[in-house]
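S.K.: Let me give you the structure first, and then I'll get to my questions.
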């Protein structure tokens, strides 16, 4: 189904960030690369084996406890956990984050059709903002309104409801685009239409 079929009767579309607009791994793998370079500079340990280990661990088991696993494997002092965490929040990426092609085209259509675009994102607000600042938006940034769920200390469903209320819209005039069961549950808890990002231009 063409993505326009989902939104032809909608006035606003609400997106999550990670794995909806771009792959989260595109950010994390660059953070790991920068951390390995930092360790090479400060501890004279080769960066390349660390990078390869972190990539493999991330792809096999995810980001959880990745510093601890890497520190154990390469004898890295636990004091560098602070630097690892800090890089997640303020890393200057070697490469900009690129939107999924289908999502970019979809969002461009939304702008042409004068539909409002919101991003409601979970996770550390500073880190999420850092991602947003280092994304290649192709001019879309001026049309975005962003809410950080953790900063507002509200569940996503409540933020969705506030967006509707502030724009005097009923549930059937909005669409949530997410990438996991949590996003779907939060949307459906207030009867908001929901689709997986992968369904766009499928």
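S.K.: Out of all the residues in segment 62-96, which are assigned to a helix (DSSP H, G or I), touching a helix residue (DSSP H, G or I) at 6+ places or on another chain (Cβ under 9 Å) and more than 30 Å from residue 137 (Cα to Cα)?
M.R.: Result: 67, 68, 69, 70, 71, 73, 74, 78, 80, 81.
S.K.: Residue check: is residue 170 within 19 Å of residue 9 (Cα to Cα) and either out of contact with any helix residue (DSSP H, G or I) (no Cβ under 6 Å at 6 or more places or on another chain) or at pLDDT below 95 (or both)?
M.R.: When the stated conditions are applied, residue 170 passes them.
S.K.: Does residue 200 satisfy being surrounded by 17 or more Cβ atoms within 10 Å (Cβ to Cβ) and modelled with pLDDT under 95?
M.R.: The answer is yes for residue 200.
S.K.: Right, next: Can you tell me which of 190, 117 is in contact with a helix residue (DSSP H, G or I) (Cβ under 8 Å, 6 or more places away or on another chain) and outside any strand (DSSP E or B)?
M.R.: 190
S.K.: From the residues in segment 17-56 that are part of a loop (DSSP other than H, G, I, E, B) and under 23 Å from the mean Cα position of the chain (by Cα), which one is surrounded by the fewest Cβ atoms within 10 Å (Cβ to Cβ)?
M.R.: First pass over segment 17-56, keeping only residues part of a loop (DSSP other than H, G, I, E, B): 17, 19-21, 23, 44-46.
Subset that is under 23 Å from the mean Cα position of the chain (by Cα): 17, 19-21, 23.
Details: 17: 22, 19: 17, 20: 24, 21: 27, 23: 15.
Only one residue tops the list, namely 23.
S.K.: Shifting gears a bit: Does segment 166-178 contain any residue that is in the same structural domain as residue 16 (by TED's automatic domain parsing), surrounded by fewer than 20 Cβ atoms within 10 Å (Cβ to Cβ) and under 19 Å from the mean Cα position of the chain (by Cα)?
M.R.: Within segment 166-178, none of the residues are in the same structural domain as residue 16 (by TED's automatic domain parsing), surrounded by fewer than 20 Cβ atoms within 10 Å (Cβ to Cβ) and under 19 Å from the mean Cα position of the chain (by Cα).
S.K.: Of the residues in segment 120-153, how many are free of Cβ contacts under 8 Å to residues at least 12 places away in the same chain and in a loop (DSSP other than H, G, I, E, B)?
M.R.: 2
S.K.: What tally of residues in segment 137-161 results from selecting those that are at pLDDT 95 or above and surrounded by fewer than 14 Cβ atoms within 10 Å (Cβ to Cβ)?
M.R.: The number of residues fulfilling the criteria is 5.
S.K.: What number of residues within segment 178-187 are part of a loop (DSSP other than H, G, I, E, B) and either in contact with a helix residue (DSSP H, G or I) (Cβ under 9 Å, 6 or more places away or on another chain) or modelled with pLDDT of 90 or more (or both)?
M.R.: Looking only at segment 178-187, we keep the residues that are part of a loop (DSSP other than H, G, I, E, B), and these are 179-180.
This time we only want the ones that are either in contact with a helix residue (DSSP H, G or I) (Cβ under 9 Å, 6 or more places away or on another chain) or modelled with pLDDT of 90 or more (or both), so: 179.
Counting residues in segment 178-187 that are part of a loop (DSSP other than H, G, I, E, B) and either in contact with a helix residue (DSSP H, G or I) (Cβ under 9 Å, 6 or more places away or on another chain) or modelled with pLDDT of 90 or more (or both) gives 1.
S.K.: For segment 57-101, give me each residue that is buried (at least 17 other Cβ atoms within 10 Å of the Cβ), closer than 26 Å to residue 197 by Cβ and touching a residue at least 40 places away in the same chain (Cβ under 8 Å).
M.R.: 88, 91, 93, 97, 99, 100
The values are calculated or read from the model by the stated rules, or taken from the named source; none is laboratory data. This is a predicted model, so every value here is computed, not measured. Here the Cβ is made from the backbone with ideal geometry for all residues, glycine too, and neighbour counts use every protein chain on show.
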